[in-house]
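Please read the structure below before turning to the comments.
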Amino acid sequence: DAGVIQSPRHEVTEMGQEVTLRCKPISGHDYLFWYRQTMMRGLELLIYFNNNVPIDDSGMPEDRFSAKMPNASFSTLKIQPSEPRDSAVYFCASSKDREETQYFGPGTRLLVL
Amino acid sequence: QKEVEQDPGPLSVPEGAIVSLNCTYSNSAFQYFMWYRQYSRKGPELLMYTYSSGNKEDGRFTAQVDKSSKYISLFIRDSQPSDSATYLCAMSDLNTNAGKSTFGDGTTLTVKP
């Protein structure tokens, strides 16, 4: 298996622009997670899905952030409008059933100028 | 106060040393404990997991859980420069939050040759 796939790997944008991050989980995994990692705040869970349904979005910082999972093999995290404080590495992870072992993607490094 | 506390370090040791990494937690419902390793500019990868109190060994790595003290440890024997990474503990309550893990902020380890 190719593992969790994320795109783009790097994104540089200007404040106010819309940013869309993409994730393809491992085939057969029922859970999908979006995390944000910064030096100051560590690894933060933003939202997670089970069978394409959002279960907990309490970590989504503001209404500027939205996430969708239209099918079992694809999810997006959108930031609109983006701000410099959104600069971070965004990870997508997936896991199977209740095993709890999460497999992380390589991350998207976002820089908002 | 965070549910999971982890000393961020950094921790620097000479090659061959025994390394001890630790986390404390406050939620007594946590029952599944994990250690992830994250190399620079990569996503976290699962190193070890355990369900119960006691020790679990895998090669040079030993995970230890003390539920009575709400304290978990990861020991690395004969540390190697390739062990240089950030180590994150994570834990879950499978009964009430299936699929969701709470992560520590990570400890950065450098093993000097």
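Using alpha-carbon pairs under 8 Å, 6+ residues apart, how would you state the relative contact order of chain A in percent? Walk me through the numbers on the way to the answer.
Working: 282 pairs, mean separation 41.9, N = 113.
This gives 37 percent for chain A.
To make sure I understand, if each residue's beta carbon is the centre and we count other beta carbons within 10 Å, what order do B:ASP7, A:ASP86 fall in, fewest to most?
Working: B:ASP7 14, A:ASP86 21.
Lowest count first: B:ASP7, A:ASP86.
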Query raised in the report: Counting DSSP beta bridges with both partners in chain A, what percentage is antiparallel, nearest 5?
Result: 90 percent
Query raised in the report: With no solvent and one point on each alpha carbon, what is the Debye value of log10 I(q)/I(0) for region A:1-40 at q = 0.31 Å⁻¹?
Result: -1.19
Requested in this report: Output the relative contact order of chain B, whole-number percent, from Cα pairs under 8 angstrom with separation of 6+ residues.
Outcome: 37 percent
Report task. Would you tally the net charge around B:ARG60, using a Cβ to Cβ cut-off of less than 10 Å, leaving B:ARG60 out, and scoring K and R as +1, D and E as -1? Result -> -3
**Report entry** Contact order relative to length of region B:26-90, as percent, for alpha carbon pairs under 8 angstrom and 6 or more apart
**Finding:** 35 percent
Report summary line: Computed from the beta carbon distance with a Förster radius of 41 Å, FRET efficiency for A:VAL53 and B:GLU15 to the nearest 0.05 stands at 0.30
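All of the numbers you see were taken from the coordinates with simple rules; none came from a lab. Only a predicted model underlies this, so the values are computations on that prediction, with no experimental measurement involved. Every residue, glycine among them, receives a Cβ derived from its backbone with ideal geometry; neighbour counts consider all protein chains shown.
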